[in-house]
1. List the strands (runs of 3 or more DSSP E) inside the range 23-137, counting only whole elements, that have at least 1 residues being among the small types (G, A, S) and in contact (Cβ under 8 Å) with a residue 12 or more places away in the chain.
2. If you scan the range 46-61, which residues turn out to be closer than 20 Å to I96 by Cα and crowded, with 20+ Cβ neighbours inside 10 Å?
3. Scan the range 110-158 residue by residue and report those that are open to solvent by 60 Å² or more (accessible area, probe 1.4 Å), charged (D, E, K, R) and modelled with pLDDT under 80.
4. Out of (1) open to solvent by less than 30 Å² (accessible area, probe 1.4 Å); (2) within 26 Å of V124 (Cβ to Cβ); (3) over 16 Å from the mean Cα position of the chain (by Cα), the odd one out for L81 is which?
5. Please state which of the following conditions R91 fails to meet, knowing it meets all the rest: (1) under 15 Å from the mean Cα position of the chain (by Cα); (2) open to solvent by less than 90 Å² (accessible area, probe 1.4 Å).
Amino acid sequence: TWVEYVRRLRQAHPEAILVVAHPVFAQPPELGEADLKGRAVYSTHYYDGLTLVSRKWNFFNADALGLLRGKYKHMIHAVVLGESAIRRSLRSQLGILKGDADIIGGYPTMIGEIGIPFDMDGRVACFGEGKRRGDYKMKRRALDASLNECDGANAFSYPIWTDFPDNLQNWGEGG
């Protein structure tokens, strides 16, 4: 269990900073200060689910976190239309995740991974023909929406999900 792991770790390294990570969109467990000892960071992953699954930047989206956490009576209420509404929804979802840090005692929050899929729009920016080849506009808009919502009131630290240096556009990581 977590508590056993932490106690063993603290025996070997009393000053270790614990990274509290849990399944995506799940709330973290309540942890005691006796184990955290002022040396922890709350870390969660975040992806815009529709963009991740559809591999496209769409004019519509959904508040997936709000839907999963019971914010809406019906899933249709989670739908958002237009880029401004999508950005507000992403900001709100990230704000909720930041608030989850209070469950473990208000430790700093770091998004453990955030980004967009490398193979958006059927990979036309890399392999398409004609004017779409080299056009990363939709990829930029999708990435900008997620990263900008980590700033401002949310003020997260985050590493951007990226591909390995040996990534091949036609095969992905480890190609």
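1. 40-46, 60-62, 109-114
2. Those that are closer than 20 Å to I96 by Cα and crowded, with 20+ Cβ neighbours inside 10 Å: Y46, D48, T51, N61.
3. R123, E129, K131, R132, R133, D135
4. Of everything listed in (1) open to solvent by less than 30 Å² (accessible area, probe 1.4 Å); (2) within 26 Å of V124 (Cβ to Cβ); (3) over 16 Å from the mean Cα position of the chain (by Cα), L81 misses just condition (1).
5. The number of the failed condition is (2).
The values are calculated or read from the model by the stated rules, or taken from the named source; none is laboratory data. Bear in mind the structure is a predicted one, so any value in this text is a computation, not a measurement. Backbone-built Cβ (ideal geometry, glycine too); neighbour counts: all protein chains shown. Surface areas here come from the heavy atoms of the whole protein model, side chains and all, with no ligands, DNA or RNA. Shrake-Rupley method; radii C 1.70, N 1.55, O 1.52, S 1.80 Å.
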